[in-house]
Amino acid sequence: MSTIPRVSSATPGEPAHFGSVLAHQPAIAEHFFALYGRFWGSDVLSARIKEVARMRNARVTQCGFCRNVRFDKAVAEGLREEAVGDIADGYETSARLSDAEKAALKFTDALIHDPDLLTGDARAALQRHLTPAQIAELGLGVTLFLALAKALITLGLEPEAMDRTVLPTPAVLEAAE
Amino acid sequence: MSGGPLVAALAGNPVLAEHYAAFRASADAALDPAFVALTRQAVAAVHRMGPAPDESGLDEGTRTCLAYAHRMPFEHTAITDAEAAAVSAHLGEAGYVAFSVLTALADAECRAELVGLPELAGV
């Protein structure tokens, strides 16, 4: 896995990072950020559950950038590092993660790893803890997390080292409307 | 409005569905439509969701890109600098960025379909 950017920055004066590289394709960038902001702004599914799924994806796809970023909305909803630490193999036995979060994690594993993980009890648990609208939003999130992580990795945009960083949760910029 | 399993699953949330479709369409629009179709087919074939594209008659650059797309579902961390450089040489930097988004999204959409997302979302 390369930590040397495979594409140059398209933003003068900025190093190659996701935003400056995506600037090679302004329309894609505009639509992605508009979508991602609305996804995080929607409260159909809590930011905490979205972040739990994002953290799981970061671990499985080996996205170091994703793994070290925390979004402040989820932190404000009570997602602490102790719980994030439990989003590893064996999360099913965590006392810090809720049953709804564990069901969301199983769905995440099924989507990004093996669809056969979401059969029988796991599928029933997901549908017991989340409404169809929440599952749709979770599915959107995991799809975007997975695609974003793979794009970051294959474009060589993984950091060599990175401290844990709390960032403002993506939002729609009203001025861009 | 088209957009694969995600747009279907988001039928109850027209705002997110519309924005997802627009994002997906923007990635598609950045590349040649026939090439986009071949790429999606190559990714779907890895997931055993359809036949692999017929590569006879394709130029070497296109075949190089399809080989790269073939690795995205299960070998994304093993793609080498040389493979990336070959795709970038064929498509240009901007094209390579669009292609990266396209292949990563195509893979994720196949997975959403395989997990039965639209059905889980009540569609």
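The values are calculated or read from the model by the stated rules, or taken from the named source; none is laboratory data. All of these numbers come straight from a predicted model, not from anything done at the bench. Positions of Cβ are generated from backbone atoms using ideal geometry, with glycine treated the same way; all protein chains shown enter the neighbour counts. For the accessible areas, the whole protein counts, side chains as well, though only heavy atoms, and no ligand, DNA or RNA atoms are used. Shrake-Rupley method; radii C 1.70, N 1.55, O 1.52, S 1.80 Å.
Panel note: the C-alpha atoms of the range A:46-171, placed on their principal axes, show extents of 41, 30, 29 Å (largest first). Size descriptors for chain B: radius of gyration and Dmax over Cα atoms are 14.9, 44 Å.
Suppose the chain between B:GLU119 and B:GLU75 were pulled fully straight at 0.36 nm per residue; how much longer would it get relative to their current alpha carbon spacing? Let's see the in-between values first.
Numbers: separation 44, 0.36 × 44 = 15.84 nm, distance 2.84 nm.
Full-extension gain reported as 13.0 nm.
Chains A and B: what accessible area do they bury, summed, in square angstrom to the nearest 100, with a 1.4 Å probe? Please list the in-between numbers first.
On the way: alone 9390 and 6820 Å², together 12560 Å².
Its buried surface, counting both partners, is about 3600 Å².
For the range B:101-123, list whatever residues lose no less than 40 Å² of accessible surface once every protein chain is in place, relative to that chain by itself, with the probe at 1.4 Å. Residues meeting the cut-off: B:ALA104, B:ALA108, B:ARG111, B:VAL115, B:LEU117, B:LEU120. Converting phi to 3J(HN,Hα) with the Karplus coefficients 6.51, -1.76 and 1.60 and the offset θ = phi - 60°, the range B:42-48 yields 5, 5, 4, 5, 4, 7, 6 Hz in sequence order, with x at every glycine or proline.
Counting, for every residue in A:16-23, the Cβ atoms of other protein chains within 10 Å of its Cβ and taking the mean gives 1.
Ranked highest first by average number of other Cβ atoms within 10 Å, how do A:109-118, B:45-54, A:162-171, A:20-29 line up? Present the calculation step by step, with values, prior to reporting the outcome.
Values: A:109-118: 19.1, B:45-54: 13.7, A:162-171: 11.5, A:20-29: 21.0.
Output ranking for A:109-118, B:45-54, A:162-171, A:20-29: A:20-29, A:109-118, B:45-54, A:162-171.
Of all the accessible heavy-atom surface of the range A:46-171, with the other protein chains kept in place and a 1.4 Å probe, what percent is carbon and sulfur? Of the solvent-accessible surface of the range A:46-171, carbon and sulfur hold 50 percent. Residue by residue along A:6-15, Cβ atoms of other protein chains within 10 Å of the local Cβ number 2 on average.
Summarise the accessible area of chain B (1.4 Å probe, protein heavy atoms) by the percent that is carbon and sulfur. Before the final figure, lay out the partial values.
Numbers: 2780 of 4980 Å².
Accessible surface attributable to carbon and sulfur in chain B totals 56 percent.
Between A:PHE71 and A:LEU167, the built amide H atoms are under 5 Å apart, and every one of these is 5 or more places off in sequence or on another chain. Computed from label points 7 Å out along Cα-Cβ, the spacing between A:THR3 and A:VAL44 is 3.8 nm. Classify the range B:19-88 as rounded, prolate or oblate from the Cα gyration tensor: take a ≥ b ≥ c as the square roots of its eigenvalues, call it rounded if a/c is under 1.5, otherwise prolate when a/b beats b/c and oblate if not. In terms of gyration-tensor shape, rounded. For the protein assembly as shown, the solvent-accessible area of protein heavy atoms averages 42 Å² per residue (probe radius 1.4 Å; ligands and nucleic acids excluded). Measure out, as a whole number of angstrom, how far apart the alpha-carbon centroids of the range A:4-82 and the range B:51-108 sit. Taking the Cα centre of each part, the range A:4-82 and the range B:51-108 sit 23 Å apart.
Residues of the range B:60-82 whose accessible area, computed with a 1.4 Å probe over protein heavy atoms, drops by at least 50 Å² once all protein chains are present relative to their chain alone are B:HIS76, B:THR77, B:ASP81. Annotation for A:LEU173 and B:ALA34: the two label points, set 7 Å from Cα along the Cα-Cβ direction, are 3.8 nm apart.
Here is the size of the protein assembly as shown from its Cα atoms: Rg then Dmax, 18.4, 58 Å. Along the axis of the charge dipole computed for chain A (Cβ charges of +1 for Lys and Arg, -1 for Asp and Glu, origin at the Cα centre), the listed residues A:ILE87, A:PRO159, A:VAL69 are led at the positive end by A:ILE87. Karplus-derived 3J(HN,Hα) values for the range B:27-34, using 6.51 cos²θ - 1.76 cosθ + 1.60 with θ = phi - 60°, are 5, 4, 5, 7, 10, 4, x, 5 Hz; glycine and proline are entered as x. Along the range A:126-141 the Karplus relation, 6.51 cos²θ - 1.76 cosθ + 1.60 evaluated at θ = phi - 60°, assigns HN-Hα couplings of 4, 6, 7, 8, 10, 6, x, 5, 5, 5, 4, 5, 4, x, 4, x Hz to successive residues, with x for each Gly and Pro.
Let me confirm one metric for peptide A:106-119, namely the mean number of other chain beta-carbon atoms within 10 Å of its residues' beta-carbons.
Numbers: counts 0, 3, 1, 1, 5, 8, 4, 2, 3, 7, 2, 1, 4, 0.
Whole-number average of other-chain Cβ neighbours for A:106-119 is 3.
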